[in-house]
Amino acid sequence: MTALCDRTGHDLAAALRAGEVSAAEILAATTARIEAVDARVGAFLTRTGDLAARQAATVDARLAAGEAAALPAVAGIPLALKDVLTTRGVRTTAGSRILEPYVPPYDCTAWERLAAAGSVLVGKTNCDEFAMGSSNENSAYAPVRNPWNLDTVPGGSSGGSAAAVAAGEAVWALGTDTGGSVRQPAALCGVVGLKPTYGLVSRYGLIAFASSLDHVGTFTRDVRDAATLLSAIAGHDPRDATSLPEPAGDYVRGLEDGVRGLRVGVVEEWLSMEGIQPGVRDAVSAALDRLEGLGASVVPVRLPHADYALSAYYLIAPAECSSNLARYDGVRYGARAAGAADVVEMNARTRGAGFGDEVKRRIMLGTYALSAGYYDAYYGQAQKVRTLVIRDFEAAFGQVDVIASPTSPTTAFRLGERTGDPLAMYLSDIFTIPANLAGVPGISIPCGLADGLPVGFQLMGRLRDEATVLRAARALEDAIGFAARPPLVAGLPA
Amino acid sequence: MGDAATTAGPVAGTDTAYETVIGLECHVELSTRTKMFCGCRNEFGAPPNTNVCPVCLGHPGTLPVPNERAIESIVRIGLAFDCEIAPHSLFHRKNYFYPDMPKNFQISQYDLPICVGGHLDVEVDGEGRRIGITRVHMEEDTGKTTHAGATGRIAGADYALEDYNRAGVPLVEIVSEPDLRSPAEARAYLTELRATLLALGVSDVRMEEGSLRCDANISVRPVGHPEFGTKVEIKNMNSIRSVERALRHEQERQVGVLAGGGRVVQETRHFDETTGTTTSMRSKEEAFDYRYFPEPDLSPLEPDPAWVERLRAELPELPAARRRRFEQRYAVPPAQAATLAADHAWAAFFEEAAAGADPRLVANWMTGDLAGLLNEAGIELAGAKVGPRHLTALARLLADGTISSAGAKAALAEAFATGEAIEAVVRARGLAQVSDEGALTAVVDEVIAENPGPVEQFRGGKEGALNALIGPVMKKTGGSANPQVVRDLLRARLSR
């Protein structure tokens, strides 16, 4: 039998309503799992056991009062939040020393909505510092380890959230995706990672890395849970001026409608490119065959400017980051270096001690890219490329309904393997970055194992067309029937 | 006054006449209820750090949401200056570190401001001039740093205190073309600008409270030179008068430098209110690189043309038009018309009072005695106890001879203090003039008897001698006699 903490959210929600289980029992199982494995996985930076217990008790009280029918779908289900999402009264570090003492006075919109719906928060998850990284090794606190193989990385930057869901330390989790930071760790940890359309989920309370690329996304055990969690957090937020105007939809509706007649585009160069792991290519090709078998047509599409997407991303994201991170100066909140003679020295010492190497690298790159005399050649040029990438997607989506690709060129790599080579690290996100530049939705679902490690299959869709992306992902998930579990978890008693 | 276009004139020892070129950059805090990008109250003088929230303190993860009223205000300002309202404009981030700026960048506008290419018509010494407005753009204000310790200035301060109440207050920057040719023109421009903004009701434009701030760019060049001279930026002027003073000083300084064979250095200079001089703050080489880039947290501003046209149609009468109307319709002299038209409260007060009495008398007493009383009491017209009805009554009683100027002066002062009706004050204080000939004849005869000299002179044909007799009559009646009646009476008695 599957342990409570390893079941899906919708399965647990049904069991709660049927009176088979209580929210307290689900939480207890999840807490026990955290106790059992987190010393090895390192998914959490801050645990919120007392808060979770109160929230679970509230849900149980409502169930006892006969309110099951009125209970939102996410009620009573243990959730983890990436530590770049602010939580009122709960320390939020962004994986950085500079925010080590920071306790936000407000909730991010996504968590505010989930909390109001009865969600149970078990903790804040580890991540790359300010969400900058693809392996979680840039956390200022500790790396996260992949539950499938503790010597490998979980991906990043939302590595803690991905690992927590994979290891049963949370039933589902929120992360953020600026260049692939939900989809890539989801792929490496064998879970479902969804990055919705830019603006569909409010960024209010998402500690900014690169504002025009940052998205809140979900980690779940299956596609139905992704649709459920998205439905709970999506919709217009007056506190985010880039938030889309429409209210949240019900993304579960139509999920089982299948892919017959669906046109699936494949960028052939991506599958044949150098650096793609053969096992990844094979699993993705097999998944494409399954889609055809389900009645979809698989056709080649071109994204001619996608080759430049990575370069453009590494100008735009650092430029925005250099400005977004300027506020961490020791004046108003967070860490402040002691012993400075004046404010300039205090700023410099605080930032010198508070930021890690990768963050400093990107601040410097971005500052340079925006400097007088360089702006046009770097930031300006990158924005033009971004426009071309957006047009590529528009053209492609004139021919196909979704675009399929590997989520990442490789499976989980070993800790330390790429830390000395930032460029190799950056290549982990080569297939995920275009969707961030264009703002289109993307999902990663597990499509098999290569050498015992999960392979992620990415589907991208038109702006605001989450419905089609989720429907296609659900059909494929069902056909693949990925049931493998991380050895770490498989060895534990149910 | 009296700065001609070639203000500086020929300098002693040279034959060169210099022309001054000035452009002004004004910052105006809008008087919206809330701040530019959050819901905090926008108010002056609250205890430090009480009008703050996570957004205006720049907390991690917070986002700006534009204040619609502020956008409406800046569009109205642009329309009042006849600017083009850009169909597409952008917010940019201006990046620099300063502790009073919570995010260490200011949300501002850069190459695509919302209002471009307008003008403001000003009058100097009766001559009209059209001053170009380059742009009007929207931004947010910073907080306020107080350097604490021995000197109160940055150098030598022990620590600094930050008050973020002002951080995020909507701020409009209005940049003029280098069209101003003298400090007096700069003053006239600022006065007109202030009056226009007051008429729009978008700001209280108080330089002493910082809701209107002004930096000036000034250069001089030999008359006839096609190119501008090297410009200097002047900061820290906290009244319209100090702008004029600073510019006068700087104009002389620059002419002195050039006349002495030197070169003006491009720099920013600080105006010292007490000495009336400018001193160097930083040179061009020390200028910042603000690394402007489009604010990714905000969408482009694309105002609906129909909305803009509605705002245009709803613009109030602006001071220039009002001034012309006051001169033409009410026959008020230009200087008084300018004063009355400059301020919405004054103009409304005037028109209401003038509806029931001689407008010229109303204008005269408003800009004279009433302005003096307000100034003395240190209050605004809106807070005064006298209203338009008082001025109507005052002008009527003056016109029909019930009170003299002296009586009117006393009556207005009393009403200003108590709020009582002018008629009641005149009655209670016995300020009505004595126009009854019967009551005055005895006094007139008395004065004639006591002043044989002037009587002789008048009878000898010296008309002016009559004044020497009127004075004593007024004195004996305690100022209550109607001078015209006294004059007529004296003439009648003496010619008999």
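At a glance:
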{"item": "Residue in the stretch A:296-304 that is among the small types (Gly, Ala, Ser), surrounded by fewer than 19 Cβ atoms within 10 Å (Cβ to Cβ) and away from every other protein chain (no Cβ under 14 Å) present", "result": "yes"}
{"item": "Checklist (1) within 14 Å of chain B (Cβ to nearest Cβ); (2) at negative phi; (3) open to solvent by less than 60 Å² (accessible area, probe 1.4 Å) applied to A:Gly330, failing item", "result": "(2)"}
{"item": "Unique residue being touching a Ser or Thr at 6+ places or on another chain (Cβ under 7 Å) and at pLDDT 95 or above when the list is A:Pro454, A:Pro434, A:Pro406", "result": "A:Pro454"}
{"item": "Scope the stretch A:196-242; condition within 14 Å of another protein chain (Cβ to nearest Cβ), of a type in the set (Val, Ile, Thr) and surrounded by 24 or more Cβ atoms within 10 Å (Cβ to Cβ); matching residues", "result": "A:Val201, A:Ile207, A:Val216"}
{"item": "Matching residues, the stretch A:394-423, being open to solvent by less than 30 Å² (accessible area, probe 1.4 Å) and among the aliphatic types (A, V, I, L, M)", "result": "A:Ala396, A:Val400, A:Val402, A:Ile403, A:Ala404, A:Ala412"}
{"item": "Qualifying residue in the stretch A:245-254 (condition: open to solvent by 10 Å² or more (accessible area, probe 1.4 Å), within 14 Å of chain B (Cβ to nearest Cβ), closer than 30 Å to A:Val120 by Cβ and touching an Asp or Glu at 6+ places or on another chain (Cβ under 9 Å))", "result": "no"}
{"item": "Candidate set: the stretch A:114-149, residues that are hydroxyl-bearing (Ser, Thr, Tyr) and closer than 13 Å to A:Ser96 by Cα; chosen: the one most open to solvent (accessible area, probe 1.4 Å)", "result": "A:Tyr141"}
{"item": "Residues satisfying the stated conditions in the stretch B:231-254, i.e. part of a loop (DSSP other than H, G, I, E, B) and open to solvent by less than 60 Å² (accessible area, probe 1.4 Å)", "result": "B:Ser239"}
{"item": "Any hit, the stretch B:237-252, residues being more than 28 Å from B:Arg206 (Cβ to Cβ), of a type in the set (S, T, N, Q) and in the same structural domain as B:Cys115 (by TED's automatic domain parsing)", "result": "no"}
{"item": "Pick from the stretch B:69-112, criterion among the aromatic types (Phe, Trp, Tyr) and open to solvent by less than 10 Å² (accessible area, probe 1.4 Å), ranking: farthest from the other protein chains (Cβ to nearest Cβ)", "result": "B:Phe81"}
{"item": "Condition check for A:Ala94: within 14 Å of chain B (Cβ to nearest Cβ) and either within 21 Å of A:Ala337 (Cβ to Cβ) or modelled with pLDDT under 95 (or both)", "result": "yes"}
{"item": "Enumerated helices (runs of 4 or more DSSP H) restricted to the stretch A:398-494, each holding at least 2 residues that are of a type in the set (Gly, Ala, Ser)", "result": "A:433-438, A:466-480"}
{"item": "Evaluation of A:Leu45 against (1) of a type outside the set (Val, Ile, Thr); (2) surrounded by 18 or more Cβ atoms within 10 Å (Cβ to Cβ); (3) within 14 Å of chain B (Cβ to nearest Cβ) (one fails), failing number", "result": "(3)"}
{"item": "Listing of helices (runs of 4 or more DSSP H) fully contained in the stretch B:310-358 that carry 2 or more residues being out of contact with any helix residue (DSSP H, G or I) (no Cβ under 7 Å at 6 or more places or on another chain) and outside the structural domain of B:Gly201 (by TED's automatic domain parsing)", "result": "B:319-330, B:344-354"}
{"item": "Among (1) in the same structural domain as B:Ala345 (by TED's automatic domain parsing); (2) assigned to a helix (DSSP H, G or I), the one test that B:Glu446 misses", "result": "(1)"}
{"item": "Unmet criterion (only one of (1) open to solvent by less than 50 Å² (accessible area, probe 1.4 Å); (2) within 40 Å of the chain's Cα centre (by Cα); (3) under 18 Å from B:Asp400 (Cβ atoms); (4) not charged (D, E, K, R)) for B:Gln484", "result": "(1)"}
{"item": "Considering residues of the stretch B:113-165 that are acidic (Asp, Glu) and surrounded by fewer than 23 Cβ atoms within 10 Å (Cβ to Cβ) only, the residue modelled with the lowest pLDDT", "result": "B:Asp158"}
{"item": "Members of the stretch B:463-481 found to be more than 44 Å from the chain's Cα centre (by Cα) and either in the same structural domain as B:Ile403 (by TED's automatic domain parsing) or hydrophobic (A, V, I, L, M, F, W, C) (or both), listed by number", "result": "B:Ala465, B:Leu466, B:Leu469"}
{"item": "From A:Gly254, A:Gly193, A:Gly295, residue being touching a residue at least 24 places away in the same chain (Cβ under 8 Å) and under 27 Å from A:Phe413 (Cβ atoms)", "result": "A:Gly193"}
{"item": "Residue that is least open to solvent (accessible area, probe 1.4 Å) [pool: residues in the stretch A:346-385 that are hydroxyl-bearing (Ser, Thr, Tyr) and closer than 30 Å to B:Tyr159 by Cα]", "result": "A:Thr350"}
{"item": "Subset of the stretch B:264-276 [of a type outside the set (Phe, Trp, Tyr), surrounded by 15 or more Cβ atoms within 10 Å (Cβ to Cβ) and under 23 Å from the mean Cα position of the chain (by Cα)]", "result": "B:His270"}
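Residues are listed down the side, and each one gets a yes or a no for (1) of a type outside the set (S, T, N, Q); (2) modelled with pLDDT under 95:
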site: B:Gly2; (1), (2): yes, yes
site: B:Thr6; (1), (2): no, yes
site: B:Asp15; (1), (2): yes, yes
site: B:Cys38; (1), (2): yes, no
site: B:Phe44; (1), (2): yes, yes
site: B:Gly58; (1), (2): yes, no
site: B:Ile71; (1), (2): yes, no
site: B:Leu79; (1), (2): yes, no
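Residue-by-condition table, conditions (1) hydrophobic (A, V, I, L, M, F, W, C); (2) under 19 Å from A:Arg485 (Cα atoms); (3) free of Cβ contacts under 8 Å to residues at least 24 places away in the same chain:
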| position | (1), (2), (3) |
| --- | --- |
| A:Ala3 | yes, yes, no |
| A:Thr8 | no, yes, no |
| A:Leu12 | yes, yes, no |
| A:Leu16 | yes, no, no |
| A:Ala23 | yes, no, no |
| A:Thr30 | no, yes, no |
| A:Ile34 | yes, yes, no |
| A:Asp38 | no, yes, no |
| A:Ala43 | yes, yes, no |
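Yes/no matrix, rows are residues, columns are (1) out of contact with any helix residue (DSSP H, G or I) (no Cβ under 6 Å at 6 or more places or on another chain); (2) within 12 Å of chain B (Cβ to nearest Cβ); (3) over 30 Å from A:Arg471 (Cα atoms):
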{"site": "A:Ala338", "(1), (2), (3)": "yes, no, yes"}
{"site": "A:Ala353", "(1), (2), (3)": "yes, no, yes"}
{"site": "A:Val359", "(1), (2), (3)": "no, no, yes"}
{"site": "A:Arg418", "(1), (2), (3)": "no, no, yes"}
{"site": "A:Ile433", "(1), (2), (3)": "no, no, no"}
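The values are calculated or read from the model by the stated rules, or taken from the named source; none is laboratory data. As the structure is a computational prediction, the values presented were derived from the model and not from experiment. Neighbour counts are summed over all protein chains in view; Cβ atoms, including those assigned to glycine, are modelled from backbone coordinates with ideal geometry. Remember, those area values only see protein heavy atoms, side chains included, never the ligands or the DNA or RNA. Shrake-Rupley method; radii C 1.70, N 1.55, O 1.52, S 1.80 Å.
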